[in-house]
Amino acid sequence: MASLEGWGSTIELHPHFDRWGGCLLGAPASGSCVQGVRLSAPVRSCELQPLDSSLTPTGRSVVASAPALGAGDREFESPRPDQKSDQTVERAFVKSAVEKLSDTRSKLNIEVTFDELAPYLAQASKAMSEKITVPGFRKGKVPAALVEQRVGRAAILDEAINLSLGDFYTAAKKEHAVAAIGRPQVDITELVDKEKFSFTVEVDIRPDITLPNFSEMTVTVDDVVVGDAEVDEQVDALRARFGTLTTVEKSVETGDFVTIDLVASAGGKPLDGGTANDISYEVGSNSMVDGLDDALIGLAAGEGKRFSTALVGLPEGEQGEVDVTVKAVKHRDLPPLDDAFAKLASEFETLAELKEDVQKRIERIKHLEQGAAARDQLVETLVETIKFPLPQTFIEEEVNNHLSGENRLEDEVHRAEVTEQTSKQLTYEIILDTIVAAESVSVNESELTEYLVRQAQRYRMTPEQFIQEVTMNGQVATMVSEVARAKALASVLGRVKVVTKSGKAVDLEALRPQPAAPVDEAE
């Protein structure tokens with residue numbers, strides 16, 4: 001979930017998968033560094049089906065990996081992860097043309113000379129030399145002529161073309177500014193050995209859309225109103241922190257604290273790890289097992305009760321039993337609500353000053369909520385009002401992948417639900433990415449670092465662990481996309497007129513964190 005600091009609070013965007021990764025501006029080319037961990041934009045391998053061994057010049061259809069061929073301007077690794085080479089292959093600038101098949105699909109025609117293919121032929125020959133054994137030569141040191149004699153010219157061409165397709169496609173896509181979405185389909189249309197080979201790539205694309213004039217838009221949010229009950233609730237919560245627990249002889253009521261033992265079982269047999277003793281629990285907090293609060297009400301110390309509830313580890317829909325025994329009942333005594341309490345719990349001298357401060361804090365939070373509400377309403381308005389065609393083939397593939405993972409491919413009702421959700425999410429992403437391009441948004445290293453560190457905290461991981469997971473899964477470009485979208489949305493939101501339901505203008509800029517005043521060195 002993308003987030004940027006805006007109006008003094010974290011502005012969050014919906015999570016998504018970057019379906020045409022790397023299309024955003026400003027991605028760090030050489031990586032970033034977070035607490036000693038080197039960030040890299042790992043190349044998602046371009047896995048193409050092997051070409052026919054006879055190298056038929058036409059009609060060969062090859063389906064490429066979407067994460068690979070949709071990886072934007074990033075360099076590509078070898079499509080064969082078992083074949084590593086230290087030889088650098090420079091990106092070739094090939095002859096290409098683009099044909100727009102529809103508003104949501106384009107076709108790239110790419111022609112490659114053998115001079116442009118030469119580095120990949122060398123890389124293919126080197127990779128194969130590491131797999132064959134030739135007397136008198138070490139693996140990887142076999143001359144190219146002997147490699148070709150052993151494995152055949154067709155095999156080397158096959159390998160070289162597979163190695164090169166991702167780079168040539170990416171170069172052509174960049175040249176023609178094709179915003180690709182989803183899984184490209186590659187067709188080898190011509191191959192003349194030692195002269196040239198040609199291929200086409202058909203791929204779904206981001207449709208062109210017209211953005212509104214944001215300075216003419218208005219969104220309406222709730223007025224900021226703080227009631228006495230809200231202030232009292234916060235003050236009472238503060239009192240509770242300074243309360244004391246006293247053991248009492250009485251039946252359990254909501255709000256009491258109890259010391260309890262719990263034993264969970266299923267089918268009459270205790271569950272492993274299902275026993276807990278001397279647990280302190282606030283009745284009514286509903287912070288443990290469902291049904292526990294109802295079971296405790298009315299019990300006294302030394303009494304117990306069995307109730308049924310859903311337990312972790314049991315099959316869905318199956319319930320277990322929990323035996324709860326009350327060992328002690330305690331009542332929380334709150335300090336008197338007076339000036340002495342204000343001095344004890346805060347820096348204020350009087351209760352009135354404490355309540356005034358609490359009210360200001362609540363107002364501040366509600367003003368920040370106005371910014372979040374304005375952002376959400378703007379996004380919803382854009383999604384509802386900007387109409388454009390969506391790539392249905394891509395949506396169908398996404399839906400099928402989702403349903404397949406749930407083993408619900410035949411569930412037509414759920415299919416309709418997932419299709420609607422996927423279409424709305426894709427609409428959202430296309431609009432936001434169009435804003436990113438229109439606003440020329442870029443993401444610098446510090447912004448990406450800040451976002452990654454924040455996400456690591458959200459997932460309760462160290463930055464090093466989170467960065468490693470992101471890198472291993474090839475999601476650095478996705479992280480960049482999230483930050484760029486958040487920045488783009490914040491940029492246009494600043495031009496939108498925001499008013500309350502009572503007609504009062506909301507100054508979002510005034511809610512932004514203000515930089516600290518410079519320190520006078522002379523002082």
Mind checking which pairs have a first residue in the range 212-228 that is farther than 14 Å from residue 374 by Cβ and a second that is hydroxyl-bearing (Ser, Thr, Tyr), Cβ under 8 Å, 6 or more apart or different chains? 212/385
Inspect all residues belonging to the range 106-127 and state whether any of them is in contact with a Gly (Cβ under 6 Å, 6 or more places away or on another chain) and either outside any loop (DSSP other than H, G, I, E, B) or exposed (fewer than 14 other Cβ atoms within 10 Å of the Cβ) (or both). no
Residue, surrounded by the fewest Cβ atoms within 10 Å (Cβ to Cβ), within the range 407-443, restricted to residues that are free of Cβ contacts under 8 Å to residues at least 40 places away in the same chain and hydroxyl-bearing (Ser, Thr, Tyr): 423
Being at pLDDT below 90 and of a type in the set (Lys, Arg) narrows 495, 458, 512, 454 down to just 512
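Results for (1) within 25 Å of residue 494 (Cα to Cα); (2) out of contact with any Phe, Trp or Tyr (no Cβ under 9 Å at 6 or more places or on another chain), shown as yes or no for each residue.
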| site | (1), (2) |
| --- | --- |
| 360 | yes, yes |
| 370 | yes, no |
| 389 | no, yes |
| 410 | no, yes |
| 420 | no, yes |
| 456 | no, no |
Of the residues 404, 308, which single one is free of Cβ contacts under 8 Å to residues at least 24 places away in the same chain, surrounded by fewer than 15 Cβ atoms within 10 Å (Cβ to Cβ), not aliphatic (A, V, I, L, M) and not in a helix (DSSP H, G or I)? 308
Flagged in the range 277-305 as of a type in the set (A, V, I, L, M) and surrounded by 16 or more Cβ atoms within 10 Å (Cβ to Cβ), in numbering order, are 283, 288, 289, 292, 295, 296, 299, 301
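Residues checked against (1) at pLDDT 95 or above; (2) on the phi > 0 side of the Ramachandran plot; (3) in contact with an Asp or Glu (Cβ under 6 Å, 6 or more places away or on another chain):
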site: 333; (1), (2), (3): no, no, no
site: 344; (1), (2), (3): no, no, no
site: 354; (1), (2), (3): yes, no, no
site: 368; (1), (2), (3): no, no, no
site: 391; (1), (2), (3): no, no, yes
site: 405; (1), (2), (3): no, no, no
site: 409; (1), (2), (3): no, no, no
Give 393, 422 a once-over and let me know the one that is closer than 25 Å to residue 482 by Cα, assigned to a helix (DSSP H, G or I) and out of contact with any strand residue (DSSP E or B) (no Cβ under 9 Å at 6 or more places or on another chain). 422
Odd one out for residue 352, checked against (1) closer than 30 Å to residue 264 by Cα; (2) assigned to a helix (DSSP H, G or I): (1)
Go through the range 346-378 and count every residue that is under 37 Å from the mean Cα position of the chain (by Cα) and not assigned by TED's automatic domain parsing to the domain that holds residue 499. 0
Unmet requirement for residue 329, which otherwise passes all of (1) under 39 Å from the mean Cα position of the chain (by Cα); (2) buried (at least 16 other Cβ atoms within 10 Å of the Cβ); (3) at pLDDT 95 or above: (1)
Filter the range 287-305 down to the residues that are farther than 16 Å from residue 251 by Cβ and either small (Gly, Ala, Ser) or in a strand (DSSP E or B) (or both), then identify the one that is farthest from the chain's Cα centre (by Cα). 291
Name the pairs whose Cβ atoms lie under 9 Å apart, with the first residue in the range 490-512 and in contact (Cβ under 8 Å) with a residue 60 or more places away in the chain, the second surrounded by fewer than 19 Cβ atoms within 10 Å (Cβ to Cβ) and among the basic types (Lys, Arg), and 6 or more positions between them or separate chains? 506/497; 511/364
Among (1) among the β-branched types (Val, Ile, Thr); (2) closer than 30 Å to residue 496 by Cα; (3) assigned to a strand (DSSP E or B), there is one condition residue 186 misses while meeting the rest; what is its number? (2)
Inspect the range 135-142 for any residue being part of a helix (DSSP H, G or I), over 30 Å from residue 390 (Cα atoms) and not aliphatic (A, V, I, L, M) and give the result as yes or no. no
Are any residues in the range 189-202 in contact with a helix residue (DSSP H, G or I) (Cβ under 9 Å, 6 or more places away or on another chain) and at pLDDT 95 or above, and if so, which ones? 199, 201
Can you confirm whether residue 179 is among the small types (Gly, Ala, Ser), touching a Phe, Trp or Tyr at 6+ places or on another chain (Cβ under 9 Å) and without any contact (Cβ under 8 Å) to a residue 60 or more places away in the chain? no
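The values are calculated or read from the model by the stated rules, or taken from the named source; none is laboratory data. All figures in this text were calculated on a predicted structure; none of them were measured in a lab. Positions of Cβ are backbone-derived with ideal geometry, glycine not excepted, and every protein chain shown enters the neighbour counts.
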